[in-house]
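**Student:** Attaching a single structure in structure tokens format; questions to follow.
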Amino acid sequence: MSIRTIGVIGAGTIGRGVAQSFAESGFEVVLVDVSQAQLDSATEQIGRDLLVQPMLLGKPLKDDAKTVLARITTATELTALADVDFVVENVTEDWAVKRSVYEQIDTICRPGVIFGVNTSAVPITRVGSVTGRPAEILGLHFMNPVPMMDTVEVVSGHFTSEATLDTALGLLPEMGKEGIIVKDAPGFITNRVLMVTINEAIFCVQEGVASAEDVDKMFRGCFGHKMGPLETGDLIGLDTILNSITVMYESYKDSKYRPAPLLQRMVDARLLGRKTGQGFYTY
Ligand SMILES: NC(=O)c1ccc[n+]([C@@H]2O[C@H](COP(=O)([O-])OP(=O)(O)OC[C@H]3O[C@@H](n4cnc5c(N)ncnc54)[C@H](O)[C@@H]3O)[C@@H](O)[C@H]2O)c1
């Protein structure tokens, strides 16, 4: 099946980047979110990012920003995905929410259409089990900001077929990205390591060992990281960090994944980072 139209579900922090990246690469995109306000703000943000990111990357767009934006249509109903050739799902990191989406799109999308799960920690095999197409389900863990990151963690679930992996590994280079295959384990590789680091950095701030600014400064200065763990947490969204580390805590039954109480408190207070204008820093 030739892949020309991509269904992107969820127009939040990561979904809008996925939609932008596919559109920049010449694909038609149907972007679906339950919230019209979220779709409107995603479209506005994509418009701004299309102007800024190519300059930051030093790589001009192949087509002008207007043409790229025109490739993205939006909808609030999953039924808009009936004719898409490939799906990338990016809804809230909550199993009940994701499960309901997969049960619906399994009946809406054509048989054989592959579903890429963009999750921080939900097992891909579990997603496959609620659909009638477990061989066509794989993890596509895009990194934020998607248009600027060139590597994708590709997760092979228990039933993911070689054909599905081959299709995804062939599609990613069309977006200028490379996929690295990992096996299915909660948190995969990237988040199993990253979330523990961010969570532990939050414990350090909570205990008053150092300020958020100084923790981040050390990671930039001592290790040459572009961003420290708390800036990264604010970029990803502290609710997503909490959900991810909680999924790993529940999956591995290992106390090293227990969420920091300060993380929980900040999420309760809606201090979620960039997306709400305030996290460890003010935006
Ligand atoms: N933020 C990151 O850096 C990042 C990186 C990689 C993967 N992820 C994963 O991507 C997913 C989305 O994360 P995010 O940070 O973009 O979250 P977010 O909260 O910014 O966005 C989630 C979006 O999903 C929408 N949504 C909720 N239920 C829906 C439904 N039933 N149908 C359609 N849309 C629905 C919400 O309205 C919201 O716009 C999560 O699973 C997360 O773990 C996030």
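**Student:** Checking T240 against (1) more than 12 Å from the ligand (Cβ to nearest atom); (2) closer than 17 Å to T190 by Cα, which test does it fail?
**Tutor:** The single condition T240 does not satisfy is (1).
**Student:** Also: Give just the number: which of (1) crowded, with 17+ Cβ neighbours inside 10 Å; (2) in the same structural domain as K62 (by TED's automatic domain parsing); (3) part of a helix (DSSP H, G or I) does M195 not satisfy?
**Tutor:** (2)
**Student:** V52 versus (1) more than 13 Å from the ligand (Cβ to nearest atom); (2) farther than 12 Å from A75 by Cα; (3) touching a residue at least 40 places away in the same chain (Cβ under 8 Å): which is the lone unmet condition?
**Tutor:** Result: V52 passes all but (3).
**Student:** Please go through (1) loosely packed, with under 14 Cβ neighbours inside 10 Å; (2) away from the ligand (no atom under 16 Å from the Cβ); (3) closer than 25 Å to T167 by Cα for E24 and return the number of the only condition it doesn't satisfy.
**Tutor:** Checking E24 against (1) loosely packed, with under 14 Cβ neighbours inside 10 Å; (2) away from the ligand (no atom under 16 Å from the Cβ); (3) closer than 25 Å to T167 by Cα, the one that fails is (1).
**Student:** Next question, about the same structure. Test each condition in (1) outside the structural domain of G116 (by TED's automatic domain parsing); (2) polar (S, T, N, Q); (3) crowded, with 17+ Cβ neighbours inside 10 Å for T164 and report the one that comes out false.
**Tutor:** Looking at each condition in turn, T164 falls short on (1).
**Student:** Of the residues that sit in the stretch 97-142 and are near the ligand (Cβ under 10 Å from one of its atoms) and free of Cβ contacts under 8 Å to residues at least 12 places away in the same chain, which one is surrounded by the fewest Cβ atoms within 10 Å (Cβ to Cβ)?
**Tutor:** Only one residue fits best here, namely V97.
**Student:** OK, next. Exactly one condition in (1) within 18 Å of R16 (Cβ to Cβ); (2) within 21 Å of the chain's Cα centre (by Cα); (3) surrounded by fewer than 19 Cβ atoms within 10 Å (Cβ to Cβ); (4) among the basic types (K, R) is false for K66; which is it?
**Tutor:** (2)
**Student:** Give me the residue from the stretch 243-283 that is at pLDDT below 95 and of a type in the set (D, E, K, R) and, out of that set, farthest from the ligand (Cβ to nearest atom).
**Tutor:** Among residues in the stretch 243-283 that are at pLDDT below 95 and of a type in the set (D, E, K, R), the one farthest from the ligand (Cβ to nearest atom) is E250.
**Student:** Which one of these is within 14 Å of the ligand (Cβ to nearest atom), hydroxyl-bearing (S, T, Y), without any contact (Cβ under 8 Å) to a residue 60 or more places away in the chain and in contact with a helix residue (DSSP H, G or I) (Cβ under 9 Å, 6 or more places away or on another chain): T43, T74?
**Tutor:** Going through T43, T74 in turn, just one is within 14 Å of the ligand (Cβ to nearest atom), hydroxyl-bearing (S, T, Y), without any contact (Cβ under 8 Å) to a residue 60 or more places away in the chain and in contact with a helix residue (DSSP H, G or I) (Cβ under 9 Å, 6 or more places away or on another chain): T43.
**Student:** Same structure, new question: Just for the stretch 225-257: of the residues that are without any contact (Cβ under 8 Å) to a residue 40 or more places away in the chain and over 20 Å from N144 (Cβ atoms), which one is surrounded by the most Cβ atoms within 10 Å (Cβ to Cβ)?
**Tutor:** Y249
The values are calculated or read from the model by the stated rules, or taken from the named source; none is laboratory data. These numbers come from a predicted model, not from an experiment. Don't worry about glycine lacking a Cβ; one is built from the backbone with ideal geometry, like all the others, and counts go over all protein chains shown.
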